[in-house]
Structure formats: C-alpha cells, structure tokens
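This report concerns only the one structure given below.
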C-alpha cells in the first residue's frame with residue numbers, strides 16, 4: 001500500500017466515522033435534552049467539530065481525487081468515492097454551515113421561535129453528509145483492496 005492510499009484511508013476513515021458517530025449516536029441523545037441544555041451542547045459541539053471538520057472534510061475531497069487520479073484502484077470505485085466526498089462537502093457548505101453560524105449566535109435561554117425546525121433541517125442534512133462520507137470511505141477501502 002502506498003502513502004497516498006494509506007493517508008486517504010486514515011483521513012477519510014477518521015472523518016467519516018466521527019461524522020457518522022455524531023449523527024447516529026450523539027444527536028439522537030441531544031434531541032431528548034431540554035432546549036437550553038441542548039442548544040448549549042450543540043454550540044459546544046460546533047466549536048469542537050468546527051476546528052477539525054472543515055480541514056478534514058476538505059482533505060477527504062482532495063485525497064479522494066488524488067487517489068482516483070493515481071489510478072491504482074478501479075476507476076469507478078475511486079471516482080465514486082471522490083464524488084461522495086465532494087457532494088458531502090457541498091451539502092455541508094450550502095446547508096449546514098449557515099445553520100451552524102446561526103446556532104452559534106443563539107442565546108440558549110431564549111432561542112428563536114423556529115429553532116427546533118432549524119435544527120431538524122440541520123440534522124436531516126447531517127444524515128445526508130454522514131452517509132455520503134461513510135459511503136466514500138467504504139468505496140475508498142474497496143478501491144484500495146481491489
């Protein structure tokens with residue numbers, strides 16, 4: 001296994017698992033919290049994930065494209081992985097990032113009237129990006145082993 005393949009699998013595996021774990025295991029618990037506590041935790045997660053995910057998700061796209069262009073694995077698998085990472089990032093930038101910015105400004109004790117609807121929309125697109133990142137990782141693994 002070459003260094004590019006190893007880096008691709010390590011980075012995309014870490015990012016996809018972190019995002020999918022948040023989607024599948026953390027956010028369902030958060031939905032059961034009272035509004036003030038939930039928003040406070042969401043804001044904390046935004047700060048924590050906000051330091052790592054912009055760089056990590058961008059690296060997923062860059063490494064996915066580089067691995068596909070390298071031509072060592074089946075082209076369909078490699079380019080499909082890169083496409084899954086790119087669509088995940090695009091949906092994040094278009095939908096999740098603006099909602100994250102708004103959520104970060106909320107007063108947890110006095111959130112906007114539509115805060116739950118806004119968070120549900122965010123969670124829907126979190127699901128989309130989480131599944132896309134996981135799919136990209138699985139396709140990258142398949143490309144690396146074929």
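The values are calculated or read from the model by the stated rules, or taken from the named source; none is laboratory data. All values reported here derive from a predicted model rather than from experimental measurement. Counting neighbours? That spans all protein chains shown, and the Cβs are built from the backbone with ideal geometry, glycine included.
Going through segment 126-144 one residue at a time, which ones are buried (at least 18 other Cβ atoms within 10 Å of the Cβ) and under 12 Å from the mean Cα position of the chain (by Cα)? Answer for segment 126-144, where residues must be buried (at least 18 other Cβ atoms within 10 Å of the Cβ) and under 12 Å from the mean Cα position of the chain (by Cα): 126, 129, 130, 132, 133, 134, 135, 136, 137. Among the residues of segment 92-105, those identified as surrounded by fewer than 17 Cβ atoms within 10 Å (Cβ to Cβ) and in contact (Cβ under 8 Å) with a residue 12 or more places away in the chain are 102, 104. The lone criterion from (1) buried (at least 19 other Cβ atoms within 10 Å of the Cβ); (2) free of Cβ contacts under 8 Å to residues at least 60 places away in the same chain; (3) farther than 30 Å from residue 145 by Cβ left unmet by residue 82 is number (3). Note on segment 1-42: residues that are modelled with pLDDT under 95 and either part of a helix (DSSP H, G or I) or in contact with a strand residue (DSSP E or B) (Cβ under 8 Å, 6 or more places away or on another chain) (or both) total 0. Count of segment 23-37 residues, restricted to those that are in contact with a helix residue (DSSP H, G or I) (Cβ under 7 Å, 6 or more places away or on another chain) and touching a residue at least 40 places away in the same chain (Cβ under 8 Å), is 2. Mind checking whether some residue in segment 41-53 is closer than 13 Å to residue 126 by Cα, surrounded by 18 or more Cβ atoms within 10 Å (Cβ to Cβ), in contact with a helix residue (DSSP H, G or I) (Cβ under 9 Å, 6 or more places away or on another chain) and free of Cβ contacts under 8 Å to residues at least 40 places away in the same chain? The answer is yes; a qualifying residue exists.
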